[in-house]
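The next block holds one structure in the form of C-alpha cells; read it before the comments.
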Amino acid sequence: MGRAAEEARTLQVTNLNAVSLDVHLTVLHDFGWRSVLVVPLLRQARVVGALVVRRRSTGGFEPQVCELLETFASQSALAILNARLFGELGTRRAELEVVSQHKSDFLASMSHELRTPLNAVIGFSEVLLERMAGELNDQQDEYLRDIHDAGRHLLELLNEILDLSKIEAGQMELDHEPFVVDEVLRGGIALVRERAARHDIRLELSVAADAGLLLGDELRFRQVVLNLLSNAVKFTPDGGLVTVEARRKQGQLQVSVTDTGPGIAADDQERIFESFQQGGRGIRREEGTGLGLTLCRRLVALMGGDLWLESEAGRGSRFSFRVPTYDEAAEVVRAAQPAGDRAQPLVALVEDDPLAVDLLTLHLEGSGFEVACAREGAAGVELVQRLSPDAVVLDIRLPGLDGWEVMSRLAADPATSATPVVVVSVVDERHRGFAAGAAAYLVKPVSRDDLIGALEHAGVPAGVSR
Amino acid sequence: MTPGRVLVVEDNDRNRKLVRTVLEHAGYEVVEAATGEQGVTCAAQVDPDLVLMDRQLPGIDGHDALSLLRDAVATRQVPVVAVTAFAMKGDETQALDEGFDGYIRKPISIRSLVDQVRGFLEAPAAGRETP
C-alpha cells in the first residue's frame, strides 16, 4: 500500500503465498486473503487515500476492473477534497462572522467612547457662542464656529459609522408605523433651506396627491431624504435649483432629488456609493462624511427598496429611491367576496382624500376589519350594492355624488337600507346626518378609538385584531 | 430664590461641568454627583427639584440609582430624567418603561437643555420628553 502511494500508481499482488510479506501483507495473509489490488486516490499527484480490493483466491485483477476502479478512485479523490474544502470554508465563515461581530461591537463602543468627549467639545463651543462667558470679537466667533462645525461633522460621521455597523451586524431594526410622506419631505427641505438660501439655491417640492401615508420608519426615511437633499445643496453652484419629487408608481413610493450641480461622470456613478468615495463632483463647499450614500443605500435596502443615480457630467444629478407601499388594489380584491364567506367584518370606505383613505384603512385594518374603498359617491353606492358590507364609512364632501346623496340612494334601496352608515366629515352637520339615517357622525380628525367605537355602537364590532 | 435645584449625576467630569455651566447660567442651582451611589446619597441630603441621571454610570447604573431614589421616602417624589445616548435605539422608551419621568438625548444641545429642564420642573409628573 505504501509503495502504491509512493509510486502513485495502481499495484497488485496476485499471490500472497509467492511474495515476501511485510507487516501489512502478513496480516492480510493470516486472515486468509490471497490477492490484493491497491488503487491510490490521487489529486494533482497528492495521495488523499487508497482503494483496496482483496480476494481470497490468487490470480491477477482484470484490466477492466482496474480501469473501473481507477476511474472511481479519481472521482472519489475529488469528492474527498471537495468535502474537506467545504469543511474549511464553513470554519472560515464562522471565523469571519465572529470577526465581523467583534468589529461591530468595537465600532459601537468606540463611537460611544468618542461621543462623550465630543459632547464637551460641541457643548462648550456652544456655551461660548451663546456668549455665556462674555462677548466675542468677530474672529473669535468665526474660529469657535469652526470648532463647533467640525465637532458636529465628527459626530455625524460617528453616527453613520454606528448605523452602518448596526446594519452589518443585523441589529438595525426599523419601525413600522404610518407617517405622512409630504410632511417628512417638507421637514427635510426646511432643514436645508437656510443653507440653500445662503447660496441662492432654489428648492422646489412636488408631491403627487396620492403620495399619502407610508408604513415604515419615519426617522430612517427622513435620514435618507435629508442626506440626499443636503448632498444636492452641497454640490449645486450658487443660483442653482434642487427639486424633490414624490409619487406612487406600481405599488411603490418613488422619491427623487434632482440638482443642477456638476453631475457625476459615468465612471464614478457606482463608486460614490462606496464608503469614503466622493467622486469628481467639482466644487465641494463643505466636507461630507463619505458615508452618507453608502448608508442611504443600505437603509433603503433594509426598507425593501432600492436607491439609484442618474447623472451626466455637467448636467446635474438625480438620486432616486423607491420603497414598497401596501397595495390598496389588493385590499379591495381580497375583500370582494360574499358576506357569508368573510372571516372578518367588511367596511366600505367612501372617501376621496388619499391621506384619509390611508389613515382610516389603517385604523380599520388594525382592528380586524376588511376594507373596500371607493373614491367617489357613485362608485361608493355601486360598491355597497355589490359587496353588501357590514358597514359604510362615508365622507360628505365627495366628487360627483356627495355623501348626502349617497345616503339617500342607499336608504332607497332595500338591499342596502339596513347597512349602518358612519359619517366621517370635516363639516359638523350632525343633525342633518342623523336625519339622513347615519348611525354615527364623526368630525375629522378621527381617532382610531372614535371610529371603532362608532362602528361598535352601530352594531358592527371589530374583528380579530391583526 | 433660584428657579430650582438640579442634581446632575454624570461620570464624565467635563460633561458634568458643561451641564452645570449651562444650567447655572440660566439661574438654576446645580449639585453634582459623579456616580450613582453619590447621586442617591446626595439626593437625600440636598432635596433637589429635579435629577438629571446619566443612564450609563460606573458602579450602579442609572436604572439602579433610580430604584434606590424611588425606594427612599425622602426622594420618592423627585422627578428623575434619564440622559441617554442617542446611539441606542429604543433607549428612550426603555427609560420611560423603567420609570424615569422623561429623557434628554445626548449629545446635549445647550440651547434646548434649559427649555427641557424648565419643562420637567413645570410638569414633573408628565412622563414625557419636552421637545
Determine how large the accessible area of A:W33 is when every protein chain is in place; take a 1.4 Å probe and give Å² rounded to the nearest 10. 50 Å²
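Using a 10 Å cut-off around each Cβ of peptide A:108-117, what is the average number of partner chain Cβ atoms that fall inside?
Numbers: counts 2, 1, 0, 2, 5, 0, 0, 5, 10, 3.
Per residue, the number of nearby Cβ atoms from other chains is 3 on average.
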Could you pull the accessible area for B:F120 with a 1.4 Å probe, rounded to 10 Å²? 10 Å²
What is chain A's relative contact order, in percent, from Cα pairs under 8 angstrom and six or more apart in sequence? 8 percent
If a/c stays under 1.5 just call it rounded; otherwise compare a/b with b/c (prolate if a/b is bigger, oblate if not). Do that for chain A, with a ≥ b ≥ c from the square roots of the Cα gyration tensor eigenvalues. oblate
Given H placed 1.01 Å from N in the peptide plane, which residues other than close sequence neighbours of A:D306 have an amide H under 5 Å from its amide H? A:R322
Counting only protein chains, not ligands or nucleic acids, how are A:H153, A:H457, B:H25 ordered by accessible area (probe 1.4 Å), most first? A:H457, B:H25, A:H153
Please name the residues of region B:1-35 whose accessible area, counted over protein heavy atoms with a 1.4 angstrom probe, falls by no less than 10 Å² between the chain alone and the full protein assembly. B:N12, B:R14, B:N15, B:K17, B:L18, B:T21, B:V22, B:H25
Given the peptides A:17-24, B:106-113, A:318-325, arrange them by the average over their residues of other C-beta atoms within 10 Å, most packed first. A:318-325, B:106-113, A:17-24
Helix A:292-302 sits off the longest principal axis of the Cα atoms of chain A, rounded to the nearest 10 on a 0 to 90 degree scale, by 90 degrees
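What's the average, rounded to a whole number, of partner chain beta-carbon atoms within 10 Å of each residue's beta-carbon in A:118-125?
Values: counts 2, 9, 9, 3, 5, 13, 7, 1.
Across A:118-125, the average partner-chain Cβ count within 10 Å equals 6.
Take the Cβ-Cβ distance between A:A435 and A:A378 as r, set R0 to 22 Å, and report the resulting FRET efficiency rounded to the nearest 0.05. Write out the running numbers ahead of the final one.
Values: r = 23 Å, r/R0 = 1.02.
Efficiency for this residue pair is about 0.45.
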Using Cα atoms only, what is the angle between the long axis of helix A:403-412 and the major principal axis of chain A, expressed in degrees (0 to 90) to the nearest 10? 80 degrees
Between 0 and 90 degrees, rounded to the nearest ten: what's the tilt of helix A:63-129 against the longest Cα principal axis of chain A? 40 degrees
Using helices alone, I'd like the mean residue ellipticity at 222 nm for chain A: each DSSP H run of four-plus residues gives -39500 (n - 2.57), total over residue count, nearest 500. -15500 deg cm²/dmol
Need the C-alpha centroid separation for region B:8-66 versus region A:175-245, integer Å. 39 Å
When a/c reaches 1.5 or more, the comparison of a/b and b/c decides; with that in mind, is region A:390-450 rounded, prolate or oblate per its Cα gyration tensor? prolate
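Efficiency by 1/(1 + (r/R0)^6): what FRET value for A:L302 and A:A415, r their Cβ-Cβ distance, R0 = 41 Å, to the nearest 0.05? Display every interim value, and only then the final one.
Details: r = 48 Å, r/R0 = 1.17.
That pair, A:L302 with A:A415, gives E of 0.30.
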Here the gain from full extension of A:E270 to A:Q385, 0.36 nm per residue of separation minus their alpha-carbon distance, amounts to 36.0 nm
Area of B:K17 that stays accessible when all protein chains are in place (1.4 Å probe, Å², to 10): 100 Å²
Kirkwood Rh over alpha-carbon pairs of region A:136-216, then Stokes-Einstein at 20 °C and 1.002 mPa s: what D in µm² s⁻¹, rounded to an integer? 130 µm²/s
Could you order A:E142, A:E113 by accessible surface area, starting with the largest, using a probe radius of 1.4 Å? A:E113, A:E142
Theoretical gain in end-to-end length, A:D30 to A:R46 [0.36 nm per residue, Cα-Cα removed]: 2.6 nm
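If you count only protein heavy atoms with a 1.4 Å probe, what accessible area per residue comes out for region B:5-121, rounded to a whole Å²?
Numbers: 4920 Å² over 117 residues.
Value for region B:5-121: 42 Å² per residue.
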Determine the order of A:R375, B:R70, A:R46, A:R220 by accessible area, beginning with the largest, at a probe radius of 1.4 Å. A:R46, A:R375, B:R70, A:R220
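Please work out whether chain B counts as rounded, prolate or oblate from its C-alpha gyration tensor, where a ≥ b ≥ c are the square roots of the eigenvalues and a/c under 1.5 means rounded, while otherwise a/b larger than b/c means prolate and anything else oblate?
Rounded, since a/c falls under 1.5.
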Extension length gain for A:A79 and A:S206 (0.36 nm per residue less Cα distance), in nm, is 39.6 nm
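The values are calculated or read from the model by the stated rules, or taken from the named source; none is laboratory data. The structure presented is a predicted model; accordingly, all values stated were derived computationally and were not measured. Cβ: placed from backbone, ideal geometry, glycine included. Neighbour counts: every protein chain shown. These area figures cover heavy atoms from the full protein model, side chains too; ligands, DNA and RNA do not enter into them. Shrake-Rupley method; radii C 1.70, N 1.55, O 1.52, S 1.80 Å.
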